[in-house]
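Take a look at the structure set out below.
The values are calculated or read from the model by the stated rules, or taken from the named source; none is laboratory data. This structure is a prediction, so every number in the text was calculated from the model and none was measured. Cβ atoms come from the backbone with ideal geometry, glycine included; neighbour counts cover every protein chain shown. The area values use the complete protein model at the heavy-atom level, side chains included, leaving out ligands, DNA and RNA. Shrake-Rupley method; radii C 1.70, N 1.55, O 1.52, S 1.80 Å.
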Amino acid sequence: MARFLIVEARFYDHLNDMLVSGAKAALTGAGHKVDVLTVPGALEIPGAISLADASGEYDGYVAIGVVIRGETYHFEIVAGESARGIMALTMDGIAIGNGILTVENEDQALVRADPAQKDKGGEAAKAAIALLELKERFGG
Ligand SMILES: Nc1c(NC[C@H](O)[C@H](O)[C@H](O)CO)[nH]c(=O)[nH]c1=O
Ligand SMILES: CC(=O)[C@@H](O)COP(=O)(O)O
């Protein structure tokens, strides 16, 4: 059993509820322990994971959030920089699955958040499990 932390940017409650549900189901279904930490937005997720990992309390992480394009360039910043920060942490050996939706509208988000449809939360959790297994295999 490993210890996972879901770090969720709770910007859209109804979408996050589905994403977190899918991630929890995947993690508990694989026999792992799960906690949830909520941050203001996707840009805070990489920093929160970095801080949590420094504590040594967790073995892996699932980033959960929803970024829906608005009127300005801010979408590119939030979507791109949260992904870049997460990628940098994974390249540093931290097992993280990225379940941050970056979409054009709510309809696209609903399909991807729903565990009965594209289940991107569960998909991200399974990716985190896979990375942790690789880390354990290669002695990371
Ligand atoms: N527009 C969205 C944001 N924006 C907030 C940023 O993530 C960040 O919290 C703020 O810039 C302060 O640092 N966050 C999302 O998760 N989703 C959005 O659609
Ligand atoms: C992804 C975003 O930052 C978005 O929600 C903000 O909308 P806007 O670009 O209209 O300020």
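Its Cα centre serving as origin, the chain has a Cβ charge dipole (Lys and Arg +1, Asp and Glu -1) of approximately 380 debye.
Which value at 222 nm does the chain reach when only helices count, each DSSP H run of 4 or more adding -39,500 (n - 2.57), with the total divided by all residues and rounded to the nearest 500 deg cm²/dmol?
Mean residue ellipticity, 222 nm, calculated: -16500 deg cm²/dmol.
Taking +1 at the Cβ of each Lys and Arg and -1 at the Cβ of each Asp and Glu, which of 131, 7, 100 sits farthest along the dipole of the chain towards its positive end, judged by Cα position relative to the Cα centre? Of 131, 7, 100, it is 131. Between the listed residues 23, 37, 73, the Cα displaced farthest toward the positive end of the dipole of the chain, a dipole computed from Cβ unit charges relative to the Cα centre, is found at 23. May I ask you to derive the FRET efficiency for residue 71 and residue 37 from their Cβ-Cβ distance with R0 = 22 Å, giving the value to the nearest 0.05? So the FRET efficiency works out to roughly 0.15. Surface composition of the chain: carbon and sulfur make up 54 percent of the accessible area, probe 1.4 Å. Estimated at the nearest 10 Å², the accessible area of residue 107 is 110 Å² with a 1.4 Å probe.
Taking the Cβ of residue 64 as the center, what net charge do the other residues with Cβ under 13 Å away carry, scoring Lys and Arg +1 and Asp and Glu -1?
Working: positive: 10, 24, 112, 120; negative: 8, 13, 17, 35, 44, 119, 123.
Counting the neighbours of residue 64, the net charge comes to -3.
When a/c reaches 1.5 or more, the comparison of a/b and b/c decides; with that in mind, is the stretch 61-140 rounded, prolate or oblate per its Cα gyration tensor?
It comes out oblate by the Cα gyration axes.
In terms of its alpha-carbon gyration tensor, the stretch 5-140 comes out oblate; a/c meets the 1.5 threshold, while b/c is at least as large as a/b.
Mind listing which chymotrypsin sites (Phe, Trp or Tyr not before Pro) in the stretch 40-140 are in a DSSP loop and have 11 or fewer other Cβ atoms within 10 Å?
Numbers: sites: 58, 61, 73, 75, 138; in loops: 58, 73, 138.
Those that pass, being in a loop and sparsely packed, are 73, 138.
Close Lys pairs in the chain, defined as Cα atoms under 18 Å apart and 8 or more places apart or on different chains, number 8.
If R0 is 25 Å, what FRET efficiency do you get for residue 14 and residue 87 from their C-beta distance, rounded to 0.05? Efficiency, rounded to the nearest 0.05: 0.35.
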